[in-house]
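Have a look at this one before I ask anything.
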Amino acid sequence: MAVWQEKRLGDIFSLKYGKSSDKMIPGSEYKVFSSSGLFGLSNSKLADKGIIVGRKGSVGSVFFSRNPFYCIDTTFYIDNTNNENMLFIYYYLKNMKLNLYNSDAAVPGLNKYHLERCYCIIPDLVTQEKIADILSTYDDLIENNNRRIDILEQMAQEIYKEWFVRFRFPGHEKVKFVNGLPEGWEVVKLGDFVNIKGGKRLPTGKDFCIEQTEHPYIRIRDISKYKFIPLTENMMYIDNATFNILNRFTVKKGDLLISIVGTIGLVACVGSTLNGANLTENCVNITEVRHFTKSYLYHYLKSSQGQGELYSGIVGISQPKLPIYNIKKFKLLKPSQKLIIDFTNLVADIDSKMNNLLEQNQNLIKQRDLLLPRLMSGKLEV
């Protein structure tokens, strides 16, 4: 039978401060974490494995790395748990909802000393290991699905390159080339074929809800490397009153988004679980697409040419941004509509598989999160 004891968090671990991103060595060996999650790659590391906790920004977010990592100064990290199971402590901290421990209303932040003085009730080491094994099984399945999504994303992008960069599309052998382009193709401006609509910031005096509501709010940090943005455990929500003010700034399943402030140039489509969500003012929504398809435009914007257009459109030094008038000037190839539709239909099967995997992940997250509080409280024996 499990033995549960009360302990002070500061006796289990010491929160260490992440380092400035300016001090990390750019490279590709180690993952870099911010309070929002993966931030990039580096050739410098802070720990061989450990727990990362959001200190500023996404206050109270919790991540775990089994491999050496670096984390920036918006985070704390834990690399030693004093003979307790580190993976269990990671899940315990996730269950604590550390975002509620915000110590500064003006500048949200997690206070190291306040958290370390908190008490917890945890079981013996053997029980910790059993609980960690149960919960990590779900996370391992999620990670495996993410690897499959990566492969599918690469497959779709490779088809785009083959057809629209190398010009080896179906029937290319019979096509005449004029000035380096297939006959009939031309270079056009994006703004002539789409409408571009900005998102909206929260009204003055309004804030995000502590608990989940029916109205998720998409921020830049919710856009990952995947084509589709899913509803995740880190999503923020607004209440009905705020939604009624912002309801003209919602997005639909499949809408194409571009980040224009902060981390500029992120591109993604709205996943099925975020149909009707609100959109941050730091992103724009590509709507009313003519001749092209959103899938084609997504892969164009992810290509080296599209990324080049994105970065060449940035203005400002102290506060860089990508204005809508520059997005309208983006140059892109205009193949025949039939070829665009053929490409869209071809990658639609890949999209469907990616969406299925994302939905599987959402179900796994829900199952894991239902178990988490019961296991951490001892209500569910192992």
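All of the numbers you see were taken from the coordinates with simple rules; none came from a lab. Just so we're clear, the structure is a prediction, and the values are computed from it rather than from any experiment. Note: ideal-geometry Cβ built from the backbone for every residue, glycine included; neighbour counts use all protein chains shown.
Long-range amide H contacts for G109: which residues qualify at under 5 Å (H placed 1.01 Å from N, peptide plane, sequence gap of 5 or more or a different chain)?
Amide H neighbours of G109, under 5 Å, 5+ apart: S103, D104.
Something else: Mind ordering 349-357, 55-63 by average Cβ neighbours within 10 Å, highest first?
Descending packing order for the listed peptides: 55-63, 349-357.
How would you rank Y296, Y160, Y70, going from fewest to most other Cβ atoms within 10 Å of each one's own Cβ?
Y160, Y296, Y70
Counting only residues 5 or more places away or on other chains, whose amide H sits under 5 Å from the amide H of I229 once H atoms are built in the peptide plane?
For I229, whose amide H was placed from the backbone, the distant partners under 5 Å are C269, V270, G271.
Next question, about the same structure. Students often get this wrong: which residues of region 179-215 have the backbone nitrogen under 15 Å from the point 7 angstrom along Cα-to-C-beta of R290?
188-196
Once Rh is set to the Kirkwood radius over Cα pairs, what Stokes-Einstein translational diffusion coefficient, in µm²/s, holds for region 174-256 at a temperature of 10 °C and a viscosity of 1.306 mPa s?
This corresponds to a translational diffusion coefficient of 97 µm²/s.
A further question follows. Using a 10 Å Cβ count of at most 11 others and DSSP loop calls, identify the longest part of the chain lacking such GluC sites (Glu not before Pro).
Longest gap between qualifying sites, sites excluded: 1-182.
Rg and Dmax of the chain over Cα atoms: what are they, in angstrom?
My reading of the Cα-based Rg and Dmax gives 23.2, 78 Å.
For K16, give me every one of the aspartates and glutamates with a C-alpha distance below 12 angstrom, ignoring sequence neighbours fewer than eight places off in its own chain.
D73, D79, E116
On to the next question. Sorted from largest down, what three extents in whole angstroms do the Cα atoms of region 269-382 have along their principal axes?
Principal axes ranked by extent give 60, 43, 26 Å for the Cα atoms.
Could you list, in their original order, any pairs among K176/K294; K225/K366; K197/K331; K200/K294; K206/K353 whose Cα atoms are separated by more than 30 Å?
From the list (K176/K294; K225/K366; K197/K331; K200/K294; K206/K353), the Cα-Cα distance tops 30 Å for K206/K353.
If each of N244 and S28 carries a label point 7 Å out from its Cα toward its Cβ, how far apart are those two points in nm?
Roughly 5.4 nm, to one decimal.
Turning to a different aspect of this structure: Using only helices, what value at 222 nm comes out for the chain when you add -39,500 (n - 2.57) per DSSP H run of length 4 or more and divide by the total residues, to the nearest 500 deg cm²/dmol?
About -11000 deg cm²/dmol.
Additional query: Based on the alpha-carbon set only, what is the convex hull volume of region 4-123 divided per residue, in Å³?
Output value, Cα hull per residue: 88 Å³.
7 Å from Cα along Cα→Cβ at both I134 and N356: what's the point-to-point distance in nm?
Each label point lies 7 Å from its Cα, and together they span 3.0 nm.
Please report Rg over Rh for region 97-202, where both radii come from the alpha carbon positions and Rh follows the Kirkwood definition.
1.28
From the P(r) of region 171-336, could you give the percentage of C-alpha pairs in the tail past 28 Å?
Value for region 171-336 (Cα pairs over 28 Å): 28 percent.
Suppose a student asked you for the relative contact order of region 82-160, using Cα pairs under 8 Å spaced at least 6 residues apart; what percent would you report?
Here the relative contact order equals 30 percent.
Rank these for me by crowding, M236, M96, going from fewest to most other beta carbons within 10 Å.
M96, M236
Considering only C-alpha atoms, what is the centroid distance from region 306-344 to region 171-187, in Å?
Here the answer is 22 Å between Cα centres.
If you don't mind, another one. For a quick check: sort K331, K227 by the number of other beta carbons within 10 angstrom, fewest at the front.
Going from least to most buried by this count: K331, K227.
Further question: Against the longest principal axis of the chain, how steep is helix 125-164, in degrees 0 to 90 to the nearest 10, with axes from Cα atoms?
The angle comes out near 10 degrees.
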